[in-house]
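Report on the structure given below.
What follows draws every value from the coordinates through simple rules; no lab data is involved. None of the values given here were measured: they were computed from a predicted structure.
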Amino acid sequence: MKIKVNDKVIVIAGKDKGKTGTVTFVKGDKVVVEGVNIVTKHIKPSQQNPEGGIEKEAAPIHASNVMIEVAGKASKVGYKLDTNKNGNTEKVRIAKIDGSEV
């Protein structure tokens, strides 16, 4: 997947279209973005939380609904092979909008 944890992303589809945030969790094709897709969870009383209650938390959204944010704009992510100073080649992520390294 081209989206990684701690990436700044922009939501491009859904009820939160246009919002930005940082990716906090990635699993499969779903991502959790801080402050986006907030849902209400009802918590049952337990020994750790005897009151129970209602909490708000960020729910996962599909990775195809977010894009990397580069200079305030949404960008696709590409890859290129880069040679480091030891002569080894490594695969790096680049922003398609301006070619900068992500």
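Odds and ends about this structure:
- Which label in [x] 16, 51, 28, 5, 0; [y] 15, 36, 25, 14, 7, 3; [z] 13, 26, 20, 16, 11, 8, 4, 2, 0 gives the computed P(r) over Cα pairs in 10 Å bins from 0, in percent: [y]
- Links that overshoot a 25 Å alpha carbon limit, given the list 56/76; 4/91; 27/85; 4/44; 30/85; 8/44: 56/76; 27/85; 4/44; 30/85; 8/44
- Sequence-ordered 3J(HN,Hα) estimates for region 15-26 from the Karplus curve with 6.51, -1.76 and 1.60 and θ = phi - 60° stand at 5, 9, 4, x, 6, 10, x, 9, 6, 9, 7, 10 Hz, glycine and proline given as x.
- Proximity of backbone amide H atoms, modeled 1.01 Å from N, is registered between residue 102 and 93, 94, 95 at under 5 Å, excluding neighbours fewer than 5 places apart on the same chain.
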